[in-house]
1. Run a plain Debye calculation on segment 132-247 (Cα atoms as equal point scatterers, no solvent) and give log10 I(q)/I(0) at q = 0.10, 0.12, 0.14 Å⁻¹, rounded to two decimals, same order as the q list.
2. Could you tell me how far the Cα centroid of segment 93-155 sits from the Cα centroid of segment 224-247, in Å?
């Protein structure tokens, strides 16, 4: 299917995509900083900074778009296609998804599918995929948080028995704080995705049937509930951590 993209959008996207290789490198560098010592702070648990699920919600929308587009653009440059520019533009659009915002996402889908029913069907697939990413991230987070809760309980016991090693405990607490910081960042990006999907569904109400939109909204709510469940667990861990004070 040939995708028609107005000239001004081609120009804008070409400019943006030209910088994606550089931006992807910056995003990768930022990720490595999070997993390192970070200026003396205790490193976060590597399960939160490495592996497949660590990448999905770790970046802002623009960083996610740039990193994903870089892969597609490189593929275009190495492929045998006769129109590298058009291939790069399409790769850039496809890489961004809802991460770049509701209007951008809807414009992308409208350029690919004239029918609202087709767009909603593809959106449904996108939501289900992102929900699975949230679930995978939650499973990793729960394993880390379970160990952090055990560490906090042990520290509380040591404080009660007045046998605290200040240096060791401060290091452990710093690690827990790093874990909470990463999870809160991920949650913020998850919530942004839910919000953007909700906005797209609302925009599609202008053309789609109520039943089609309602089905997608139900799937968005499934994703939202998964995010809210993780939010509650992270908040509980934060409250538990905040109760510890060292003299």
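Only the coordinates and a few stated rules stand behind these numbers; no lab work does. As the structure is a computational prediction, the values presented were derived from the model and not from experiment.
1. One equal scatterer on each Cα of segment 132-247 leads to -0.43, -0.55, -0.66.
2. 22 Å
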